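Data block below; observations after.
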Amino acid sequence: MTTTEGTTTTTGADMTDSARVPTTPITGVYGGLLKMVMKKMVGGVPESAGVMWNNPRVFKDMMGIGRKAEKWSELDPGLGSLAGMAAAAEIGCSACLDLGYFLAHDKGLDEAKAREVPRWRTSEAFTPLERRVTEYAVAMCRLPVGVTDEMSAALLADLGAPALLELTARVGFMNMSARSNIALGIRSQEFAAACGLEPRASPDAAAPA
């Protein structure tokens, strides 16, 4: 893992080999607070933060949405984590998928299930409800969106309207984050590997859209 000002390193590929926007120093009062938060969360300041700091207002607002989303409470945290990781895997954001796995471990969620997300279609780790949530998240990421009336009706019965709205918002936010990372060339910095987590499962063969 390479960090702009952190101390944690692994043998993974350097994110700066692929980023399409150069990093810039994170400065100022808010920048200092931001670095403190990131060091507390992941043990260092990711290179991707230096990329995003080229436009502090955009970075601040995106971080703000993410922090507010952490306070949502209608959806079970484990289901929210699975949905976000499934969306990241479907879109192909290695940075989001790795960070989601790391945070699942850090928050005491079921890391065995988090590890299995890339092969959710065939893994035996998931309950029927978890599969329905994951299927919904994946369907939201397809172009055109693949959510059906049947999917929504089943989850409405399972979760209730408030939790279904939260699920939808979480997956929508992941779409924004994941597609932005891919466009900017931001890749995984192997946070999960840095804290000794097992490698994620190999992805299933792609299912037809």
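The values are calculated or read from the model by the stated rules, or taken from the named source; none is laboratory data. Note that the structure is a prediction, hence the values are computed from the model and not measured. Backbone-built Cβ (ideal geometry, glycine too); neighbour counts: all protein chains shown. Areas reflect the complete protein model, heavy atoms only, side chains present, ligands, DNA and RNA absent. Shrake-Rupley method; radii C 1.70, N 1.55, O 1.52, S 1.80 Å.
Observations on the model:
- Solvent-accessible area per residue for the stretch 139-189 (1.4 angstrom probe, square angstrom): 50
- The label-point distance for residue 148 and residue 33, in a model that sets each label 7 Å from Cα toward Cβ, rounds to 4.7 nm.
- In terms of accessible area, using a 1.4 Å probe and ignoring ligands and nucleic acids, 204, 61 rank largest first as 61, 204.
- Rounded percent of accessible protein surface that carbon and sulfur make up, the stretch 7-135, 1.4 Å probe: 54
- For the stretch 23-112, the per residue solvent-accessible surface stands at 50 Å², with DNA, RNA and ligands left out and a 1.4 Å probe.
- Mean Cβ count within 10 Å, highest first, over the residues of peptides 27-34, 104-111, 125-132: 104-111, 125-132, 27-34
- Ranking 170, 179 from most to least accessible surface, computed with a 1.4 Å probe over the protein chains only, gives 179, 170.
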